[in-house]
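What follows is one structure encoded as structure tokens, with my remarks underneath.
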Amino acid sequence: MKTLRKVLALAVSAAMLTVPALAVEAEADSAKEEVVYINLAADGTAESIDVVNIFDLPEGGTIQDHGAYSAVRNMTTEDDLNLDGDVVTADVGPGRLYYEGRLEEAVSPWKVSIEHKLDGETVPAEDMAGASGAWEMRLTVEADPACEGGWFDDMALQIVVTLDAARCSDIQAPGATAANVGSDKQLTYTILPGQGADITLSAQVADFELDPIALNGIALHLDLEVDGGSLTEKLEDLPAAVADLDDGTSALSEGIASLAEGAGTLSEGAGSVSDGAADAASGAATLDSGVAMLQSAADQFAGGLASLTGQSAALTEGSAAVKEGLAQLQQSVDASAVTPEQIASLQSAASSVGAALEQLSGGIASLQTGLSAFPTDQLAALQQQNAGAIEQLNALAQMADPDTAAALTSAAALLQANSDALSQISGALAGVDTLAAGAADLQAGFDAFSAQLTAMVGSLGSLPDTMGALKTAVDSLVSGYDSVDAGVAAYTAGAAQLEQSFGAIAAGTAQLAAGSGALVSGTAALSAGAADLASGVEEAVSGIGELQTGSDALAEGAAALREETDGMAQRIGDELDGILGGLTGGNEKPMSFASAENGTVESVQFVMKTPAIAKPASAAPEPTPAPERTFWDRLVELF
């Protein structure tokens, strides 16, 4: 971008702190300069406007000027000026000519409004003289649409408020440049071209008075060299950076959208975990109740088995005695030396076996009665419930964090051990049925043997005559009792084995009860933790949803920023040219304020003042005659 070199016509110099002079010395060939004096009322309203027109005429001659004046006055010589309509003419000698014209209409480029308050109440300016209290003044400036021309947009405005420090304290003047001028506090506000003003200042006042407020409209002419290239160099990198930002925010938005989708799945999974953990806790409580019942029944069943196997010794001893008696009887028959005592002894042994079998039958009947109250249907239900819980816990472990997964797997393993124990109990119960069937077969075999023995004893009327038959009968008894004795041995062995295995099962059932209690506690804690997890995940999903909304808005904003910053360096450079050009007006000469008929002039300057707020002066002594005024005296009075 080209280097901008602007001449700012700013009268922001020492001269701006006072009522400015008419102008700097004009060049010899200048056509005209204008100083516009706008007399303001106390409330800021323009009451009258006087234009001092300045001509530099090295060789003298006739001037012709334009202005809608109601009256004109020659300020340089006593020569008359001719006002005809809006045309002013005069014949003047060499040098500078100053003449004043009062415009018919008091229309200013700046519309000024001034309001005073005392202790919060609006007070007319004239009533503020000599007042004391909390004073506040609001001064506003805006363009007056009734004034044609570009002076508001082309010229800066300097506002000077001078406060007597002896009368004003705690002065608050935001935006002002404050300076001490003697015993006064001078507050200066500089308003750039085209800008309005809304100024508020306040103070604690005593015996208040206020000097005239001065508002000076001036062109800016500061000799500045502005390197627009250095100002916009970094801006040329901005579009690329914004493009990267746009791409990044788009990627971020897409990533957060994926995160939101995954979070939704996670929320569903966490809900499933929570529901499953609650089911597991409920199932564990049911399992614990069933296990307690099972333990009670197992203890009762174990007692019945112990009572039953207590008869095994008598049964075994009786069977051995019968078998021994049969062997003796058989030997005696073979030797033809059978005695009645042997027969009686055999009958006694058989009677002992019969008694033992009766007790055995009674014990098995009691055991089977106990079995009818045993919760066999609950065994199957518990096993089925365990299988479902194990499957559910393993599925939950696949979705949980490592610590929770380990706890779920451990709970599943405990339930599997419970199921194995339940299978052993079922097998033991089936063994009781087998034992009962064996006992029944044993009883039937003994009954057949007993009947045979009774028949044989009854047939021994004359023992010597019936030795052949006796031998046959005894051999038959021995042969038949072998199967009975084998049944007794098998029965007692089976009963002992069943008692031993069920004893281990009963002990395992006790451990199962203890484990199920721990499982109830663990699954309850798991359920509570899973519920917290589901709640936390739901909150996270909600937060991610808000994050997604924000990221989408960010992506849209970045896209809009990318579009807006495209070509920004060039646009800003052009705007800088325009702004600086607006501040200075370039090197172009301003239009005449007095009349557009005058065309351009060398310079135009505006001086606006309000009347002072002062207490009425005391009666002055009779004045002495004033000396005759010269031209220079009158000229000085203008300023």
Which of His66, His116 comes first, and how do the rest follow, when ranked by fewest Cβ neighbours within 10 Å?
-> His66, His116
When Thr188, Thr600 are ordered from fewest to most other Cβ atoms inside 10 Å of their Cβ, what list results?
-> Thr600, Thr188
At R0 = 35 Å, FRET efficiency that the Cβ-Cβ distance of Asp144 and Glu556 yields, to 0.05 | 0.20
Obtain the nm distance between the two label points defined at Glu121 and Glu539 by a simple spin-label model: each point lies 7 Å from its Cα along the Cα-to-C-beta direction.
-> 5.9 nm
May I ask you to derive the FRET efficiency for Ser258 and Ser410 from their Cβ-Cβ distance with R0 = 35 Å, giving the value to the nearest 0.05?
-> 0.50
Measuring from label point to label point, each 7 Å out along Cα→Cβ, what is the Ser351 to Gln497 span in nm?
-> 3.6 nm
Hydrodynamic calc, region 149-225: Kirkwood Rh from Cα pairs, then Stokes-Einstein at 20 °C with viscosity 1.002 mPa s, so D in µm² s⁻¹ is 154 µm²/s
Between Glu588 and Thr265, what length comes free when the chain is fully extended (0.36 nm per residue of separation minus the Cα-Cα distance, one decimal in nm)?
-> 109.1 nm
Estimate the FRET efficiency between Thr89 and Asn180 by the formula 1/(1 + (r/R0)^6), using the beta-carbon distance for r and 51 Å for R0, to the nearest 0.05.
-> 0.55
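Find how much the distance from Asp247 to Glu597 grows on full extension, using 0.36 nm per residue of separation minus their present alpha carbon separation; answer in nm with one decimal.
Value of the extension gain: 120.0 nm.
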Counting only residues 5 or more places away or on other chains, whose amide H sits under 5 Å from the amide H of Ser48 once H atoms are built in the peptide plane?
-> Asn39
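No value in this document is a laboratory result; all are computed from the given coordinates. From a predicted model like this one, the values you see are computed outputs, not experimental measurements. Reconstructed Cβ throughout: ideal geometry from the backbone, glycine too, with neighbour counts over all protein chains shown.
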